[in-house]
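This report concerns only the one structure given below.
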Amino acid sequence: MRENKQTILIIDDCLEDRETYRRYLLQDSKYSYKIVEEEYGENGLELCSLIKPDVILLDFLLPDIDGLEFLNELKAKGDSSDVPVVMLTGQGNEAIAVQVMKSGASDYLVKGEMTPESLRLAIHNVVEQTRLRKQLAYSEHRFQTSVENLLDCFGIYTSVRDSSGKIIDFLVEYVNAAACAIHGMTKEGQVGKNLLELLPYHHQLFDQYCQVVETGKSLVTEISVDADFFNQKYLPRSLEIQATKLNDGFVASWRDITDRKIAESEISKSLAKEKELNELKSRFISIASHELRNPLTTIMSASELLEYYSQDSHNDQKTSYIHLIRSSVNQMTELLDDVLMLAKSEAGKLLCTPQSFDLFNFCQELIEEMQFNASNHHTINFINDSAELGGLIGSFIVYMDDKLLRHIFINLISNGIKYSPQGSVVDLHLKIEDEFVVFQVKDSGIGIPPEDIIKLFESFHRARNVGNIPGTGLGLVIVKNYVELHGGTIDVESEVGKGTKFLVKLPLR
Ligand code: ADP
C-alpha cells in the first residue's frame, strides 16, 4: 500500500524533462504524489510559499536564475526555508554538484544518468530524512520544554578522562533554567566548563559520580552545601541529588530541600516536646492523684471520727484529729505550691532579688530551725569550713536572694532527713572557694540508683527505691531552677544504701 501523499514541485524549463520526471514518480509504489510544475526559478520560489511542497526537484540551469541563487533565496524565505531540494545537474559537472550540496541541497542527480529508480530513491531518501529531522526536532523541542520548565535543577555531564582513561572531571553539557537560578549563573557561564572547577561543592560527590559512570548504578543522595560554595552569597543549603548514567557521563537532577529539612526537624522537635509533655502529664496525674488522695482520705476519716466522738471524746483526742487534718491540708498545699512555683519558673516569671545578708548567720539559724522541727529523730550539723573568713565578728556578707537560698536548703536538708533512717546525721558543709560559695548537703540514707540520677531533675520523677516515703518529685526541679537563677550549678553523688551528697556552687558576685 502506498504511503501518504507527497507534494513535489518540479522546476525545470524543459517540458519533456518535466513529463519524464512526472512519469517516473507516478510509477512509484511507495508514495503517491501531487506534482506541481514550473518553468522559472522566481515563480517556483513564490509557489513554494503557496503549496508548501515536501520536496523541490530543481533544474540547476533555469532561464531566470541558477540553482545556487535559488537555494540562497529559498534559505532567506522564512516560511519555506527548510523545504528539501534535489538538484538536477548537467553531466560531467561534479564541481557544481559539490557546490550545491554545500549550499544546502539535500541531494543531486545528474540529468543524463537519471533512471526511474535513481529519481525515486533520491526522493524517498529526502522524504525519509525530512521525516527524521522533523521527528528529531520535535523530540528535542519536547525535551527542552519539559526540562527547561522543571522546578528541579537538571544537568547533563560528560566524563573528562586523563590519558590513562581515569575520570578527572565532568564537562557541563547542558543545564536548565532552575540550575542557572540556583547557582546564580547563566547557561553560557556553565556549559562547556569543568564541573569541579565551576562548582567545587561537587567535590564531595565526585567519587559517587564516577561510580555512576563506571557501574551504571544510579545515585540518590542528600548533601549539605556551605554558603561559600555558591558563586552568589547563599545560606547553607541541603540538596537532594539524583544521578543516572548517560553515555560516558551522567544526567543529574537536584533540588533545594533546606526548607523541608528545617520543617522536618521542627516537627520532630515538637513531637519530642509533645511526648515529653505527655509523659510529664501522666507523671503529674499519678503523683497528684496519690499525693492528694492520701491526705483527703485522712481528712475524711479524721473529720468522721471528730463527728462521731464529738460528744464524749476527750479534748486531746479531738486535738490530735484536728492536727491530722491540718497536716494533711499542709501536705496538699505544699504540693499545690510546688506545682505553682514550677509553672511560674517555667514561664520565666521567677526572679532572683538579691540583697546583702550574713551567710554564716543565715545558715546557723536555718539549721537551728530545722533541728527544732526534726526534734531528736535526726541530727543536723552545720560545718563551716570557711569560718575563719568571718574573723572575730563571725560574719560573711553575701549578696544573694535569701528567700530562694532558704528554699534550696530547706528542700535539700528535708530530703536528707526524709530519705535517711531515724537517728542518722545530715550535714550542711559550707566552703568559700575564690569567687564561689560551695555547699554540700550530705546524708547517709537510702541513696539514689544510678538509672534515676540522670532523671533526678525532671519534674515528677521519683527514684524507684522511695517505697512508701511520701513525695512529689518536684522539689529538686525547683531547687535546680533557683540555683540557676543565681547563676550556680547543682550536682549529686550517691550510692544506694550508703547515702547522698548534693553539691551546690553559687557565684559570690
Ligand atoms: P520528692 O518530693 O519525691 O522528695 P524531690 O524532687 O525532692 O521530690 O526528689 C526527687 C527524687 O530524688 C526523690 O523522689 C528521691 O527519689 C530522690 N532523692 C532526692 N533527695 C534524696 C536523698 N537525699 N536521698 C535519696 N533520694 C533522694
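The values are calculated or read from the model by the stated rules, or taken from the named source; none is laboratory data. Everything quoted here is computed from the prediction, not taken from an experiment. Glycine also receives a Cβ, built like all others from the backbone with ideal geometry; neighbour counts cover every protein chain displayed. With ligands, DNA and RNA removed, areas are computed over all heavy atoms of the protein, side chains included. Shrake-Rupley method; radii C 1.70, N 1.55, O 1.52, S 1.80 Å.
May I ask you to derive the relative contact order of the chain, considering only C-alpha pairs under 8 Å and at least 6 residues apart, and to give it as an integer percent?
Values: 784 pairs, mean separation 36.4, N = 509.
RCO, the chain: 7 percent.
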Give the long-range amide H neighbours of MET400: residues separated by 5 or more places, or on another chain, with amide H under 5 Å away, using H modelled in the peptide plane at 1.01 Å from N. GLN355, PHE357
Which aspartates and glutamates, on any chain, are close to LYS349 with Cα under 16 Å apart, when same-chain ones fewer than 8 places away are left out? ASP337, ASP338, ASP401, GLU484
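Give me the percent of accessible area attributable to carbon and sulfur for the chain, probe 1.4 angstrom.
On the way: 15230 of 28460 Å².
Carbon and sulfur together cover 54 percent of it.
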Accessible area of the chain divided out per residue, in Å², using a probe of 1.4 angstrom: 56
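Mean shadow of the stretch 1-75, computed from the convex hull of its alpha carbons, in nm²?
Working: hull surface 19.2 nm².
If I average the Cα hull's projected area over directions, I get 4.8 nm².
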Fraction of antiparallel bridges per DSSP, the stretch 1-105 only, in percent to nearest 5: 5
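Send over the per residue convex hull volume for the chain, Cα only, as a whole number of Å³.
Working: hull volume 167.8 nm³, N = 509.
Per residue, the Cα convex hull of the chain comes to 330 Å³.
For the stretch 261-346, report the translational diffusion coefficient in µm²/s to the nearest whole number, using Stokes-Einstein at 25 °C, 0.890 mPa s, and a Kirkwood Rh over Cα pairs. Don't skip to the answer; put the middle values down first.
Details: Rh = 16.0 Å.
Diffusion coefficient, whole number: 153 µm²/s.
Counting Lys and Arg as +1 and Asp and Glu as -1, what is the net charge of the other residues whose Cβ lies under 13 Å from the Cβ of SER395?
On the way: positive: none; negative: ASP358, GLU365, GLU388.
Overall, the nearby charge balance is -3.
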Restricted to the chain, the DSSP antiparallel beta bridge percent, nearest 5, is 70
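How big is the charge dipole of the chain about its Cα centre, in debye rounded to the nearest 20, if each Lys and Arg gets +1 on its Cβ and each Asp and Glu gets -1 on its Cβ? Write out the running numbers ahead of the final one.
Working: 51 positive and 76 negative charges, 322 e Å.
Dipole of the chain, to the nearest 20 debye: 1540 debye.
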Can you give the log10 of the normalised intensity I(q)/I(0) at q = 0.18, 0.21 Å⁻¹, computed with Debye over equal Cα scatterers of the stretch 237-306? -0.84, -0.92
Could you tell me the distance between the Cα centroids of the stretch 396-454 and the stretch 266-287, to the nearest Å? 30
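Can you give the helix-only mean residue ellipticity at 222 nm for the chain, where every DSSP H stretch with n ≥ 4 adds -39500 (n - 2.57) and the sum goes over all residues, rounded to the nearest 500 deg cm²/dmol?
Working: 14 runs with 227 residues, N = 509.
Helix-only estimate at 222 nm: -15000 deg cm²/dmol.
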Count the lysine pairs in the stretch 261-346 whose Cα atoms sit under 28 Å apart, keeping only pairs 8 or more residues apart in sequence or on different chains. 9
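First select every other residue whose beta carbon is under 13 angstrom from the beta carbon of ILE367; then total the charges, Lys and Arg +1, Asp and Glu -1.
On the way: positive: ARG406; negative: GLU365, GLU368, GLU369, ASP427.
Spelling it out: positives minus negatives among the neighbours equals -3.
Quick one: net charge around GLY216, please, counting Lys, Arg +1 and Asp, Glu -1 for every other residue with C-beta under 12 Å from its C-beta.
Net charge around GLY216: 0.
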Fraction of antiparallel bridges per DSSP, the stretch 330-464 only, in percent to nearest 5: 65
